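Laboratory data are not the source of any read-out in this text; all were calculated from the coordinates shown. These numbers come from a predicted model, not from an experiment. Here Cβ is always computed from backbone atoms with ideal geometry, including for glycine, and neighbour counts include all displayed protein chains.
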Amino acid sequence: MTKDLLIGQTLRFSGSPFEIDWSEAAHWSSRGGVLVEHGRIVDIGDADDLRAAHPTAKVHDYGSSLISAGFVDAHMHYPQTGIIASWGKQLIDWLNTYTFPEESRFGDLAYASDVAGRTLDLALAHGTTTLTSFCTIHPESVDAFFTEAETRNMAVIAGKTCMDRNAPDTLRDTAQTAYDQSKQLLEKWHAKGRANYAITPRFSPTSTPEQLEALGALWAEHPSCLMQTHLSEQLPEIAWVQSLFPNARDYLDTYEAFGLLGPRGLYGHSIHLTDREKARLAEVDASLVHCPTSNTFIGSGLFDLMGLSAQGLRIGLATDTGGGSSFSMLRVMAATYEIAQLRGVAVHPAQLIWLATEGSARALHMSGEIGHLGIGAAADLCVIDLASTPLIAQRSSRAETPWDALFPTIMMGDDRAIVSTWVAGREISTRR
Ligand code: GUN
Ligand code: ZN
């Protein structure tokens, strides 16, 4: 098999810019090379040195574009692609008005496969190489997503979204069928190739205690699976949870009481947390997923990125499409910056791009495998043009540092900035 040598600017991380200074954590090379073989990164270094050492490698010279680890979207809903950017509602009304009617269509395998394929291709065009998706209650929706991802050789995480109350008849299972179908699906897909299964109670308002308990039991039987859900996204949602679970200490307790709090748990949004919830999440080493474009679009609130990362929590970044109205993780980084500014903090570009790659991978317990520009990692890469529009180009032309050249693309870039995306060592989408 031939080797591929990608040449361009390179950015890699040897540590977290939330734990050590970004200047120590991040390493730029203005003329770097990434050597790829058998789907993996086998060497990284100076472009000319790698070229001399590997004269038979096929060279892909991206000039001054930036070669990065592919983006990792740690929370999204592929069945909501069709209703992205739907007007005028906050969370509960938005679910009932737009989301549930659309999700009701995913028992049709052909429809689900069409949307899944379209979603994965859109993600790749935006430089995103891993999606972590909620499906619908229909097993067909799970089969469709994993099958389409397998066709593209993408590392993905997904699961059947379980709901047995407060949802239309077309979208309700039971405690038993949620358990049985999730079990069948995880036996079929978990750790199959690049697929991993996440046990997926949608959120506690749409599950009875019996269903939460059944899914907690399933997780205990399959602890290598991730578990994904939503937590403390909007204030009316939290009040609703309190009325549905009068004995719970708080929202997190509605998961904790049923075995749904653990180190491989992914808690989307996690905006309005109490001190007890924060401490408990940190204590069990759970992962929080920040969905800033969704949090502004649905009107949810301002996630405390700096406070929660100072507590040592794993934090990933996500589009939360169709709650979030962009597939672009660049746009998600920009919204992360804006929300932190509203809380009085300027997040450094090194921290933003780390969150969208290494941070999400860490939240998914896939560090070193995805979201990582380093030897041994999967060659899931994206190549970013730092002058993709006239507006960005005129700004980056003034830059005196690589960070100053990158930041305008973070704030104003989208899929037009993605020159190329590589999945498992194969260039699968290019605009060159
Ligand atoms: N909470 C429960 N379901 C959903 C969903 O589909 N999107 C968002 N943003 N929040 C949710
Ligand atoms: Zn969500």
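Out of segment 338-432, which GluC sites (Glu not before Pro) are coil in DSSP terms and have no more than 12 other C-beta atoms within 10 Å? Show your work: numbers first, answer last.
Working: sites: GLU338, GLU358, GLU369, GLU400, GLU427; in loops: GLU369, GLU400.
Counting only loop positions with at most 12 other Cβ atoms within 10 Å, the GluC sites (Glu not before Pro) in segment 338-432 are GLU400.
For a quick check of your reading of the filter: which GluC sites (Glu not before Pro) in segment 16-53 sit in a DSSP loop and have no more than 15 other Cβ atoms within 10 Å? Don't skip to the answer; put the middle values down first.
On the way: sites: GLU19, GLU24, GLU37; in loops: GLU19.
For GluC sites (Glu not before Pro) across segment 16-53 that sit outside H, G, I, E and B with at most 15 neighbouring Cβ atoms in 10 Å, the list reads GLU19.
For the pair SER64/ASP93, report the inter-label distance in nm, with labels modelled 7 Å from Cα in the Cβ direction.
4.9
Report the charge-dipole magnitude of the chain in Debye, nearest 20, computed about the Cα centre from +1 at each Lys and Arg Cβ and -1 at each Asp and Glu Cβ. Spell out each step's value before the answer.
Numbers: 33 positive and 50 negative charges, 117 e Å.
Roughly 560 debye for the chain.
Of VAL72, VAL156, VAL59, which has the largest mean-square fluctuation in a 10 Å C-alpha GNM of the chain?
VAL59
Which percentage, to the nearest 5, of the DSSP beta bridges contained in the chain is antiparallel?
45
For segment 51-185, just run the numbers: alpha carbon Rg, then divide by 2.2 N^0.38 Å, N being how many residues it has. Let's see the in-between values first.
Values: Rg = 18.5 Å, N = 135, 2.2 N^0.38 = 14.2 Å.
Here the Cα radius of gyration is 1.30 times the empirical estimate.
Can you check what the net charge comes to around ALA175, using other residues whose Cβ is under 9 Å from the Cβ of ALA175 (Lys, Arg +1; Asp, Glu -1)? Numbers along the way, then the final one.
On the way: positive: none; negative: ASP164, ASP173, GLU210, GLU213.
So the environment of ALA175 carries a net charge of -4.
Which trypsin sites (Lys or Arg not before Pro) in segment 240-323 pass both tests, a DSSP loop state and at most 15 other beta-carbon atoms within 10 Å?
Numbers: sites: ARG249, ARG264, ARG276, LYS278, ARG280, ARG314; in loops: ARG249, ARG264.
Sites meeting the loop and neighbour criteria: ARG249.
Regarding segment 125-254, what's the average projected area of the Cα-atom convex hull, expressed in nm²?
Across all orientations, segment 125-254 yields a mean hull projection of 8.6 nm².
Of TYR197, TYR111, TYR179, which is the most mobile in a GNM of the chain whose springs link Cα atoms less than 10 angstrom apart?
In the Gaussian network model the winner is TYR111.
Based on alpha-carbon centroids, what's the gap between segment 104-153 and segment 267-304 in Å, whole number please?
26
Quick one: what Rg and Dmax do you get for segment 209-265 from the alpha carbons, in Å?
11.7, 34
For the chain, with the dipole built from +1 on Lys and Arg beta-carbon atoms and -1 on Asp and Glu ones, taken about the Cα centre, which of SER104, SER300, THR129 lies farthest toward the positive end?
Farthest towards the positive end: THR129.
Which whole-Hz ³J(HN,Hα) couplings does segment 13-27 yield from phi under the Karplus relation 6.51 cos²θ - 1.76 cosθ + 1.60, θ = phi - 60°, glycine and proline marked x?
10, 10, x, 8, x, 8, 10, 10, 4, 4, 5, 8, 7, 9, 10
If each residue of separation counts as 0.36 nm, what is the full-extension length gain between VAL42 and ASP275 once their alpha-carbon separation is subtracted? All intermediate terms of the calculation are to be shown ahead of the outcome.
Details: separation 233, 0.36 × 233 = 83.88 nm, distance 4.41 nm.
Gain on extension, VAL42 to ASP275, equals 79.5 nm.
Evaluate 2.2 N^0.38 Å with N set to the residue count of segment 1-77, then give the Cα radius of gyration divided by it.
On the way: Rg = 14.1 Å, N = 77, 2.2 N^0.38 = 11.5 Å.
Against the empirical 2.2 N^0.38 Å value, I get 1.23 for segment 1-77.
Quick one: 3J(HN,Hα) in Hz for segment 249-254, Karplus 6.51/-1.76/1.60 with θ = phi - 60°, rounded, Gly and Pro as x.
Karplus values, whole Hz, x for Gly and Pro: 5, 6, 4, 4, 4, 5.
Considering only C-alpha atoms, what is the centroid distance from segment 161-186 to segment 313-372, in Å?
Between the Cα centre of segment 161-186 and that of segment 313-372, the gap is 30 Å.
Could you tell me the largest-minus-smallest coordinate of the C-alpha atoms of the chain on each of the three principal axes, in descending order and whole angstroms?
Principal-axis extents of the Cα atoms in the chain, largest first: 65, 47, 39 Å.
Hey, if you put +1 on the Cβ of every Lys and Arg and -1 on every Asp and Glu Cβ in segment 134-223, which of SER207, SER182, ILE157 ends up farthest toward the positive end of that dipole?
ILE157
Once the dipole of segment 1-82 is set up with Lys and Arg at +1 and Asp and Glu at -1 on Cβ about the Cα centre, which of SER64, SER16, GLN80 lies farthest towards its positive end?
The residue sitting most towards the positive pole is GLN80.
Remind me, relative contact order of segment 256-297 in percent, using alpha carbon pairs under 8 angstrom and six or more residues apart? All intermediate terms of the calculation are to be shown ahead of the outcome.
Values: 35 pairs, mean separation 21.1, N = 42.
50 percent.
With a cut-off of 8 Å between alpha carbons and a minimum separation of six or more residues, what is the relative contact order of the chain in percent? Please list the in-between numbers first.
Details: 1012 pairs, mean separation 82.7, N = 432.
So the answer I get is 19 percent.
Above 18 Å lies some portion of the pair distances; for segment 359-414, what is it as a whole percent of all C-alpha pairs?
Working: 754 of 1540 pairs.
Beyond 18 Å sits 49 percent of the P(r) for segment 359-414.
With contacts defined as alpha carbon pairs under 8 Å and 6 or more residues apart, what's the relative contact order of segment 23-173 in percent?
Answer for segment 23-173 is 20 percent.
Net charge around HIS365, counting only other residues with Cβ within less than 14 Å of its Cβ (Lys, Arg = +1; Asp, Glu = -1)?
Numbers: positive: ARG264, ARG314, ARG362; negative: ASP285, GLU358, GLU369.
Charge balance near HIS365 sits at 0.
When the chain is modelled as a GNM with alpha-carbon springs shorter than 10 Å, which of GLY268, GLY368, GLY322 fluctuates the most?
GLY368
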